[in-house]
1. If Phe222 meets every condition in (1) within 16 Å of the ligand (Cβ to nearest atom); (2) under 28 Å from Asn34 (Cβ atoms); (3) open to solvent by 20 Å² or more (accessible area, probe 1.4 Å) apart from one, which number is that one?
2. Return the only residue of Ala42, Ala75, Ala38 being in a loop (DSSP other than H, G, I, E, B), among the small types (Gly, Ala, Ser) and modelled with pLDDT of 95 or more.
Amino acid sequence: MAHKQWFWQSKNAGEPVISEEGIPAHIAIIMDGNGRWAKKRALPRIAGHNEGMKTVREITRAANRLGVKVLTLYAFSTENWKRPKLEVDFLMKLPEEFLSTFLPELIEENVRVEMIGDMEQLPAHTRRAVQNAIDRTAENNGLILNFALNYGSRIELVQAVRSILKDVQAGTLSEQDITDEAVSRYLMTSHLPEPDLLIRTSGEHRLSNFMLWQLAYTEFFFTDVLWPDFSEKHLLEAVASYQKRSRRFGGLS
Ligand code: V0D
């Protein structure tokens with residue numbers, strides 16, 4: 001027995017220890033540091049975005065292997081339209097580029113593609129590519145790969161308030177019905193569990209208008225690793241860190 005224990009420790013030396021119970025059902029990631037990655041190499045920012053796209057594939061596969069149910073990736077915020085037009089145009093081609101390469105693999109791996117954010121404002125070519133992926137994976141029941149694309153948490157809450165007001169005025173909702181759970185049902189994430197773990201790469205410690213309501217009880221993991229350098233090993237480190245914490249949801253342990 002002692003021998004077995006020694007063998008196990010030696011084999012896993014230096015690797016994060018993950019238990020099969022307590023895998024976060026929903027991991028959300030702010031994929032930051034693509035521009036910085038490129039700058040360090042004297043490359044244009046778009047080269048960093050391209051490299052970051054490869055990380056999306058690797059982390060999706062790793063999350064699926066781990067048994068994560070939902071992976072939400074913050075790909076483009078409502079504020080990102082302020083970037084130079086050439087960069088925005090390039091970013092809007094990434095969903096097509098990503099899906100033309102990886103959609104067959106996502107289908108093969110039983111991944112369901114979803115998105116949150118305002119789809120209407122996206123260029124038609126981007127919308128078509130994303131909608132095609134959503135449609136073609138709609139029957140899959142493995143990992144939900146949820147892209148936050150043209151997403152902003154405040155506008156999501158503003159729209160929820162407007163919808164709630166409409167339903168109150170229509171008489172289908174009363175003031176007493178407006179509870180914590182009811183508000184959640186008016187958000188774009190109404191069908192998803194709340195994130196258990198939020199990861200932000202690249203050393204920034206901000207939420208940047210991401211899932212303000214949904215992250216109320218979420219564990220945060222910040223790393224200095226730039227998104228293009230983020231690998232399965234780093235994901236496992238984040239999950240191991242998450243598993244060491246005791247979550248109390250405001251109560252006592
Ligand atoms: C750039 C790092 C995949 C973050 C990752 C339009 C910034 C690479 C997608 C994608 C982006 C989105 C929807 C979809 C399939 C793939 C993506 C954007 C940026 C913004 F259905 N990577 N990726 N979308 N980057």
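1. Status for Phe222: all satisfied but (1).
2. Numbers: Ala75 fails: in a loop (DSSP other than H, G, I, E, B); Ala38 fails: in a loop (DSSP other than H, G, I, E, B).
Going through Ala42, Ala75, Ala38 in turn, just one is in a loop (DSSP other than H, G, I, E, B), among the small types (Gly, Ala, Ser) and modelled with pLDDT of 95 or more: Ala42.
The values are calculated or read from the model by the stated rules, or taken from the named source; none is laboratory data. A quick note: this is a predicted structure, and the numbers were derived from the prediction, not measured. As a convention, Cβ positions derive from the backbone with ideal geometry for all residues, glycine included, and neighbour counts pool all protein chains shown. With ligands, DNA and RNA removed, areas are computed over all heavy atoms of the protein, side chains included. Shrake-Rupley method; radii C 1.70, N 1.55, O 1.52, S 1.80 Å.
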